[in-house]
Amino acid sequence: MGIKADKTNELKKGFEGHVLLPDEPGYHEARAIWNGMFDKKPAIITRCITTVDVVRAVNFGRDNNLLIAVKGGGHNSAGTAVCDDGLMIDLSLMQKVDVNAANRTVKVQGGCLLSTVDKETQKHGLAISGGIVSHTGVGGLTLGGGFGWISRKHGLSVDNLISAEIVTAEGKIVNASVTENPDLFWAIRGGGGNFGIVTSFEFNAAKIGNEVLCGPIVKKFENMKAYIQFHKDYIRTMPDEMTIWMVIRHAPPLPFLPKDVHGKLVILLPFVWLGDYETGQKLLQPIRDFGETLGDGSGMHPWVGWQSAFDGLVSHGARNYWKSHHLKDLSDECIDIFQSYALSMPTEECEIFIPHMEGAPSRIAPNATAFPHRNTPFVLNIHTRWQKVEDDAKAKQWAGDFHKATEPFSQGVYVNFLSDEGADRVKQAYTGEVWEKLVRCKRKWDPKNLFKMNQNINPG
Ligand SMILES: Cc1cc2nc3c(=O)[nH]c(=O)nc-3n(C[C@H](O)[C@H](O)[C@H](O)COP(=O)(O)OP(=O)(O)OC[C@H]3O[C@@H](n4cnc5c(N)ncnc54)[C@H](O)[C@@H]3O)c2cc1C
C-alpha cells in the first residue's frame with residue numbers, strides 16, 4: 001500500500017487521537033460505515049480528536065499523495081466516508097457539544113451525531129434543525145443542506161449555520177461566516193465536503209421544549225391512490241409548524257398496530273406538530289378520518305425518543321442503495337407508479353419515502369446558499385435495503401427501474417441522497433448559476449481536488 005513505516009511513525013508522534021494501520025486493534029471498527037455495501041480498506045486511518053490532528057492528517061495525506069476520505073457519522077449511502085488504500089480521516093471521536101442556552105446557539109465538533117447534539121440541547125429545551133435518524137452525522141448532513149422535522153418551521157440545517165471552523169486543503173485553519181470568508185461559508189452550505197474539513201459548526205437552535213405532538217398515523221395500503229390524492233393537497237395547506245411525511249413500506253411490529261397488520265404493506269404518516277396541542281389535533285383529524293386508519297401512535301412524546309424512533313429500521317450494516325429526486329407534484333400517474341413498485345418491493349425492508357418540504361426554506365432565495373432546490377414540494381427517496389449479497393442485482397434493478405419511471409415527474413435532487421451516479425448527476429443537485437459559483441469556490445479553496453471522495457465538484 002506504499003506508505004513507509006517511518007512516515008506513519010512520524011505522524012503518530014504527538015497525534016492526540018489514534019493513527020491506525022490495517023493490522024492494529026480498532027482498525028476494522030473505524031473503517032466500518034452505515035452502508036454494508038462498502039467494505040473498503042484504507043491504508044491508514046487517523047481518528048482525530050482535535051483540529052490540530054485534522055491539520056496533521058490533511059498535510060500527511062496531501063504530502064504523500066494519498067486519496068483522502070473523510071468520515072463524519074459514516075452515514076452517507078454513497079459510501080464516500082471510506083476509501084481503498086488511501087487515508088481515512090475519521091472525525092467520529094470529535095463529539096463535543098457546547099450549548100449557549102442564553103443565546104440559543106450551539107457549537108458542535110465535526111464528528112458529532114445528531115443523537116449527541118440532541119442529548120445536550122434538550123437539557124435546555126432546544127433542538128437544532130437536522131435529520132430524522134439519530135445516528136446520522138451532523139457533518140455530512142449539514143454540508144449537503146439538512147432537513148427534518150423542524151425545518152419547515154425553522155429552516156434547513158444550513159439556514160441555521162452561523163459559522164464553521166474549517167481545515168483547508170493547504171492545512172490551514174480558517175473560519176467561515178457571513179463576515180469571514182463569505183464565499184467559503186456560502187459554498188459549505190450545500191456544496192458538501194468539497195471545500196475542506198469542518199472541525200466545528202455553530203448553529204442557531206430552536207426552543208421546542210422536551211415533548212412534541214408527534215407520531216405515526218398508519219393508513220391502509222389498499223386505499224393508497226385515494227389517500228395520496230387527498231394527502232398531497234391537504235398537507236400543503238398546513239402551517240409551517242406541521243410536518244407530515246409519507247412512507248410506503250411493510251408495517252413494522254409497532255405496538256399500536258393490530259398484529260395482523262404487521263408485515264403488510266401500509267402507508268405510514270409520521271408527523272411533528274410544533275404548535276399548541278388542540279390546534280395540532282384539529283389539523284390531524286381529517287387525516288385520521290380519510291378512509292381507514294389502521295393505527296395511531298400519536299401523542300406528546302419526548303423529542304429525543306422521537307428523533308430515534310426510526311433508528312432501528314435503518315440500523316448500521318445492512319446493504320443499501322438509494323435513488324432519489326425531487327417531485328414537482330404527486331400526480332395520478334406518479335401514484336400509480338408508486339403502487340406498482342410498492343407491490344414489487346424486493347425485500348420487506350425497502351421503503352418509498354416521501355418527505356414534504358416547503359415552508360421556511362422556500363422563502364430563502366435559491367442562490368443565497370449552495371442549496372438551491374428550495375421550492376420542491378416533495379422528495380422521493382427510494383430506500384432499497386436488503387441483507388444478502390445475492391439480492392444485490394434484483395434490489396438495484398428495482399430501485400433503478402422505479403427511479404427511471406418517476407423521472408418525468410422530477411426536478412433536481414438532494415445531494416445527500418445521491419448514490420454514486422456520475423459527475424453529470426451531481427450537477428442536478430444545483431442550478432446552473434449555483435454550480436458555476438461552486439466550481440469557482442472549489443478552484444480557490446481546493447484547486448487540486450484533494451477532497452474528492454464526495455459528490456465531487458471538479459475544479460477542472
Ligand atoms: C438512515 C439515514 C437517514 C437520513 N435522514 C436524513 C434526514 O432526515 N435529513 C437529511 O437531510 N439527510 C438525511 N440523510 C442523509 C444524510 O444527510 C447524509 O447521508 C449525510 O452525508 C450523512 O452525514 P455523515 O456525516 O453521517 O456521513 P459521512 O458518510 O460520514 O460523510 C459523507 C460525506 O460528507 C463529508 N463530510 C462529513 N463530515 C464532514 C466534515 N465534518 N467536514 C467535511 N466533510 C465532511 C465527506 O465528504 C463525506 O464523504 C439520512 C441518511 C441515512 C443513511
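Taken together, the values in this text are just the output of simple stated rules run on the coordinates, not laboratory data. Computed from a predicted model, the values in this text were never measured in an experiment. Virtual Cβ from ideal backbone geometry, glycine too; neighbours counted across all protein chains shown.
Remarks
- Which listed pairs, of 219/259; 219/264; 71/96, have C-alpha distances above 18 Å, in listed order: none
- Translational diffusion of the range 267-382, µm² s⁻¹ [Kirkwood Rh, Cα pairs; Stokes-Einstein; 25 °C; 0.890 mPa s]: 143 µm²/s
- Length, then width, then depth: along the principal axes, the Cα atoms of the range 421-460 run 23, 21, 13 Å.
- Net lengthening on full extension, residue 368/residue 277 (0.36 nm per residue, minus Cα-Cα): 29.3 nm
- Under the simplified labelling scheme, the residue 404-residue 210 pair shows an inter-label distance of 5.3 nm, with each label point 7 Å from Cα along Cα→Cβ.
- Contour minus Cα-Cα distance for residue 230 and residue 316 (0.36 nm per residue): 27.5 nm
- The range 211-417: C-alpha gyration tensor shape, a/c 1.5 cut-off, then a/b vs b/c: rounded
- Compactness relative to 2.2 N^0.38 Å, alpha carbon Rg of the range 97-208: 0.98
- Charge dipole (the chain, unit charges on Cβ, about Cα centre) - positive-most of 117, 287, 435: 435
- Spacing of the modelled spin labels on residue 387 and residue 170, each 7 Å from Cα toward Cβ, amounts to 5.2 nm.
- Computed [θ] at 222 nm, helices only, for the chain once each DSSP H run of length n ≥ 4 contributes -39500 (n - 2.57): -8000 deg cm²/dmol
- Distance from the Cα centroid of the range 18-97 to that of the range 325-394 is 30 Å (rounded to whole angstrom).
- Its Cα centre serving as origin, the range 211-417 has a Cβ charge dipole (Lys and Arg +1, Asp and Glu -1) of approximately 360 debye.
- Toward the positive end of the charge dipole of the chain, with +1 on the Cβ of Lys and Arg and -1 on the Cβ of Asp and Glu, the farthest Cα among 447, 331, 81 is that of 447.
- Virtual spin-label span in nm between residue 24 and residue 220, 7 Å along Cα→Cβ: 6.1 nm
- Based on Cα atoms of the range 1-58, Rg over Rh with Rh as the Kirkwood radius reads 0.98.
- Length released on extending from residue 237 to residue 397, taking residue separation times 0.36 nm less the Cα-Cα span: 54.0 nm
- Percent of Cα pairs exceeding the 20 Å cut-off, where the set is the range 143-258: 59 percent
- For the chain, the spherically averaged projection of the C-alpha convex hull amounts to 21.1 nm².
- The simple Förster model, with R0 at 30 Å and r as the Cβ-Cβ distance, assigns residue 256 and residue 421 a FRET efficiency of 0.20.
- Burial order of peptide ranges 144-154, 439-449 (average beta-carbon count within 10 Å, highest first): 144-154, 439-449
- Note on residue 177 and residue 436: with the Förster distance fixed at 30 Å, the Cβ-Cβ geometry gives a FRET efficiency of about 0.85.
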